[in-house]
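Asks: Below is a structure I'd like to ask you about.
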Amino acid sequence: MTTTPAKPPELRDFYENPAVPVASGTPRSRRQARMLAEALGPASPGRTRTILDIGCGDGTAAATAAPFLPGHRIVGIDWSQDALRRARTRIPYAVRGELTGGGLPFRSGAADAVLFSEVIEHLVDPDAALDEIRRVLRPGGHLMLSTPNLAAWYNRALLLAGVQPVFSEVSLRAIHGRPGREVVGHLRLYTARALREFVAASGFEVVRLAGAPFHGVPRPLRPLDRLACARPSLASILLLHARRA
């Protein structure tokens, strides 16, 4: 009797696993929300803006941002059904969508702003993702993107010591060669310079690049991590504000 070999797990299966983290720390979410609130201005009759939180995960980032954006409508989007179930307990609107081939369920130019928090580092095809984001944004619409910084201050020291940088992963099964225990599926990492150039080449005008701390930094080192935010190229997390050209 022969048996069919078990199908190896795919990347989609990895992200549908409830044990895989789908939220990051709130300091980044708050900083990003403040940047977006400053860009959009207050809501008023006839000035309610539509904000898409693409890759909303469990809805934590959108729920954290909502108090800074009163009167504006935030819609969470994710392709993971497990993440959407959790998101709907935190935010009023959460729908399924994908970032390739017109997979976002919105007409062109429908959104005033897009939150793209800790997503781009997970993508096989980030070029197609920014093309789709550009499609759904109105001309002049805002993109608020955050992603881990490959050149964070501690990663520079780790590389000099021959240690795999934090945020980088060589396997979906376990952590190898670097500090940390959680496997989160990072495929691509950016420096501040690379992120600026990539976003600009995708049809956006970069307005501002800021830094944010990382919740996973050991407590004794957190003051240093907060200080590094003053120089985004050294910060743990990169916060980029761009506008659709």
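Asks: Is it true that some residue in the range 189-199 is outside any strand (DSSP E or B), in contact with a helix residue (DSSP H, G or I) (Cβ under 6 Å, 6 or more places away or on another chain) and open to solvent by less than 40 Å² (accessible area, probe 1.4 Å)?
Replies: Scanning the range 189-199 turns up at least one residue that is outside any strand (DSSP E or B), in contact with a helix residue (DSSP H, G or I) (Cβ under 6 Å, 6 or more places away or on another chain) and open to solvent by less than 40 Å² (accessible area, probe 1.4 Å).
Asks: Does the range 149-173 hold any residues that are surrounded by fewer than 20 Cβ atoms within 10 Å (Cβ to Cβ), farther than 19 Å from residue 230 by Cβ and not polar (S, T, N, Q), and which are they?
Replies: Within the range 149-173, 158, 159, 160, 161, 162, 163, 170, 172, 173 qualify.
Asks: Check whether at least one residue in the range 98-108 is open to solvent by 30 Å² or more (accessible area, probe 1.4 Å) and within 22 Å of residue 189 (Cα to Cα), and report yes or no.
Replies: Yes, the range 98-108 has at least one match.
Asks: Could you run through the range 223-245 and say how many residues are part of a helix (DSSP H, G or I) and free of Cβ contacts under 8 Å to residues at least 40 places away in the same chain?
Replies: Total meeting the criteria: 3.
Asks: Does at least one position in the range 160-168 carry a residue that is under 26 Å from residue 206 (Cβ atoms) and either of a type in the set (Asp, Glu) or in contact (Cβ under 8 Å) with a residue 60 or more places away in the chain (or both)?
Replies: Within the range 160-168, not a single residue is under 26 Å from residue 206 (Cβ atoms) and either of a type in the set (Asp, Glu) or in contact (Cβ under 8 Å) with a residue 60 or more places away in the chain (or both).
Asks: Of the residues 148, 220, which is modelled with pLDDT of 95 or more and in a helix (DSSP H, G or I)?
Replies: 220
Asks: Could you identify the single residue in 207, 136, 217 that is within 19 Å of residue 40 (Cβ to Cβ) and open to solvent by less than 40 Å² (accessible area, probe 1.4 Å)?
Replies: 136
Asks: Still on this model: Within the range 112-131, restricting attention to residues that are in contact with a Ser or Thr (Cβ under 8 Å, 6 or more places away or on another chain) and in a strand (DSSP E or B), which residue is surrounded by the most Cβ atoms within 10 Å (Cβ to Cβ)?
Replies: Ranking the candidates gives 117 first.
Asks: Okay, next question. From the list 128, 152, which one is touching a residue at least 12 places away in the same chain (Cβ under 8 Å) and farther than 23 Å from residue 27 by Cα?
Replies: 128
Asks: Can we say residue 62 is touching a Cys at 6+ places or on another chain (Cβ under 7 Å), part of a helix (DSSP H, G or I) and either modelled with pLDDT of 65 or more or open to solvent by 80 Å² or more (accessible area, probe 1.4 Å) (or both)?
Replies: The answer is yes for residue 62.
Asks: Would you be able to say whether some residue in the range 50-63 is charged (D, E, K, R) and over 19 Å from residue 120 (Cβ atoms)?
Replies: No, because not a single residue in the range 50-63 is charged (D, E, K, R) and over 19 Å from residue 120 (Cβ atoms).
The values are calculated or read from the model by the stated rules, or taken from the named source; none is laboratory data. On a predicted model such as this, the values are computed, not experimentally measured, just so you know. No Cβ is skipped: glycine too gets one built from the backbone with ideal geometry, and neighbour counts run over all protein chains shown. The area values use the complete protein model at the heavy-atom level, side chains included, leaving out ligands, DNA and RNA. Shrake-Rupley method; radii C 1.70, N 1.55, O 1.52, S 1.80 Å.
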